[in-house]
Amino acid sequence: MSTSFHLLADAPAQLLPARELMAFTLASHIILVPLGVAFPFITLVMHYRGLRRKDATALLLARRWSAVMAVQFAVGIVTGTVLSFEFGLLWPGLMGRWGDVFGIGFGVEAWAFFLEAVLIAIYLYGWRRLKPRTHFLLGLPLPFAALLGAFGILAANSWMNTPRGFALDSGGNPVDVNVWKAIFTPMFGPQYWHFVVGMILTAGFVVSGVYAVGWLRGRRDHYHRLGFAVPFTIAAVATPVQFVLGDSIARSVFHKQPVKFAAMEIVWQTDTRVPEYLFGRLQEDGSIKGGIRIPLLDSFLAGFSADTEVVGLTSVPADQRPTATQATIAHWAFDLMVLIGSALVLLALWYGLVWLRHRRLPASKWFYGPAACAGVASVLAVESGWIATEVGRQPWIVYQNMRVAEAVTSTRSTTLWITLGVVMSVYVFLFGSFLVILLKMRTRWRLADEQQAAGGTAQVPEADTPYGPRAPVPAGDAPYDGGAARAGDGHP
């Protein structure tokens, strides 16, 4: 009988549904995270361009993006709050024993959420009521509030990967907590910057992808070119930086979490001159089926030398390492993330070369096709990164200090499965409503732009001044709040 089967049989019945519930809600929430963390920054860049160049189209885009940002933030609050509750409800062993050590990260995230909500409200309110410079300056704290939220959650997660800042008493309980060391663990820096830059490039590719689709459909006016160029340029600059940071964090995992690194690279025996496998499946006996084998590469990537020793999974007992299936999942997720990242680097280089040589956007549909898909690919890379991080740490919820099975709730497994079904149904409705709202906003904006281009009767209060009070609307006419006027037929 396989080792994986024995370990599964010994696990509590609640473990699988609890993990599936947590995985589903985290995977759903993380779709919104790039926009929550980086969209305010991209919006303010567009806002600054509009003010600096007196470009009404840029101001229109910034204002419309701010409306999308607010809707996304509202949905993100719901999904993020669910995750916060799940930590306590699904993993009471974790929070009960270790909450005093690493719980400050969740507190920082909560305060950041409140601060960001206030700042978004002020930013939206200020479009018609504040002076241009005042309005823009009041928006500047938004990206920092978003980064503060990321700081809190990454501090908690990096502590779970490399726990520090405490001592254990005779009963195995943490004492003498040092909050500073608990926040700034060895993995915090690599994880935080890898995460932040990943969110920036993902948000940039997601937003620009919308306008790339418009380009492919023949909408090539200033509105769509600008809506594509600004976020894609930000993403293109961030992509090679992220590639370097990704290599750095993989090396940090190699030094700080060698067993996780072995799982991500499906290394069975500790050895030097270890080959790299692109995909492939680890078997229970340590053999690898499928995949592409590249001799010596894993040792070279880990330590810049083929003689670098790479720790294998068998360096620890079977109950202290991921199973063969879990290692394969972590390995595939890691390889998929690297593959997508490499493709995005090539796309960014294509964009950069065209700009350097011709000082214009690419004109080929062969560029805009991949550009339209880059946003979805980036989100998939983010999901893969979290899978590699969390699955590769198994069976530990606190690395080398507490197993996942020790932290799980005592609630009946049947109840947890039912809860998973309910949460899935609610999330389908929630994300469906989010999509419907975005489509309605797009339709309203497109209609207003078409009326404006045709010289229709659409009311545009900011036709001459993008700031200031609304102009009076004649009786019987519907007010329009789509932002600064411009010519064209674009839509986000």
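Every read-out reported here was derived from the displayed coordinates using simple, explicitly stated rules and does not represent laboratory data. Every value quoted in this text rests on a predicted model; they were computed, and no experiment measured them. Reconstructed Cβ throughout: ideal geometry from the backbone, glycine too, with neighbour counts over all protein chains shown.
Computed quantities for the displayed model
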{"quantity": "Among Ala117, Ser170, Thr185 - extreme Cα towards positive end, dipole of the chain, charges at beta-carbon", "calculated": "Ala117"}
{"quantity": "Two-site label geometry, Arg446 and Leu353: point separation in nm, points 7 Å out along Cα→Cβ", "calculated": "3.4 nm"}
{"quantity": "Cα centroid of segment 240-260 to Cα centroid of segment 366-443, whole Å", "calculated": "23 Å"}
{"quantity": "Net dipole in debye of segment 1-145 [+1 Lys, Arg Cβ; -1 Asp, Glu Cβ; about Cα centre; nearest 20]", "calculated": "1280 debye"}
{"quantity": "Pairs of lysines in the chain (C-alpha under 24 Å apart; 8 or more residues apart or interchain)", "calculated": "4"}
{"quantity": "Quarter of the Cα convex hull surface for segment 389-437, i.e. its orientation-mean projected area (nm²)", "calculated": "5.0 nm²"}
{"quantity": "Computed magnitude of the charge dipole of segment 113-206 (debye, nearest 20; Cβ of K, R +1, Cβ of D, E -1)", "calculated": "600 debye"}
{"quantity": "Low-density loop positions, chymotrypsin sites (Phe, Trp or Tyr not before Pro), segment 192-236 - DSSP coil, at most 10 other Cβ in 10 Å", "calculated": "none"}
{"quantity": "The chain, relative contact order [Cα under 8 Å, separation at least 6], %", "calculated": "20 percent"}
{"quantity": "Distance between modelled label sites at Arg53 and Arg133, nm, 7 Å Cα→Cβ extension", "calculated": "2.2 nm"}
{"quantity": "Convex hull (Cα only) mean projected area of segment 308-447, reported in nm² to one decimal", "calculated": "14.9 nm²"}
{"quantity": "Semi-axes of the equivalent ellipsoid for segment 288-329, Cα gyration tensor, largest first, Å", "calculated": "22, 15, 7"}
{"quantity": "Value of Rg/Rh across segment 145-223 [Cα atoms, Kirkwood radius]", "calculated": "1.33"}
{"quantity": "Segment 1-133 - Rg over Rh from alpha carbon coordinates, Kirkwood radius", "calculated": "1.17"}
{"quantity": "Taking the convex hull of Cα positions in segment 149-301, its mean projected area over all directions (nm²)", "calculated": "13.9 nm²"}
{"quantity": "Calculated P(r) tail over 42 Å for the chain, as whole % of Cα pairs", "calculated": "24 percent"}
{"quantity": "Most to least packed among 401-414, 139-152 [average Cβ atoms within 10 Å]", "calculated": "139-152, 401-414"}
{"quantity": "Selected from Phe41, Gly103, Pro240, residue furthest toward positive end of dipole (the chain; charges at beta carbon)", "calculated": "Phe41"}
{"quantity": "FRET efficiency, 1/(1 + (r/R0)^6) with R0 45 Å, evaluated for Val237 and Gln269 via beta carbons", "calculated": "0.60"}
{"quantity": "Potential lengthening between Leu168 and Leu438 on full extension [0.36 nm per residue; Cα-Cα distance subtracted]", "calculated": "92.1 nm"}
{"quantity": "Residues of segment 13-46 with amide N under 17 Å of a point placed 7 Å along Cα→Cβ from Ala70", "calculated": "36, 39-41, 43-44"}
{"quantity": "Convex hull volume of segment 86-205 per residue (C-alpha atoms, cubic angstrom)", "calculated": "128 Å³"}
{"quantity": "Whole-angstrom Cα spans of segment 246-387 along principal axes, big to small", "calculated": "57, 29, 26"}
{"quantity": "Protection proxy ranking, peptides 119-126, 81-88, average beta carbon neighbours within 10 Å, highest first", "calculated": "119-126, 81-88"}
{"quantity": "Among Leu346, Trp366, Phe300 the positive-end extreme of the charge dipole of segment 281-422 (Cβ point charges)", "calculated": "Trp366"}
{"quantity": "Cβ-Cβ FRET estimate between Phe184 and Val78, R0 fixed at 45 Å, reported to 0.05", "calculated": "0.90"}
{"quantity": "Size of electric dipole in the chain: Cβ of Lys, Arg +1 and of Asp, Glu -1, about Cα centre, debye, nearest 20", "calculated": "2040 debye"}
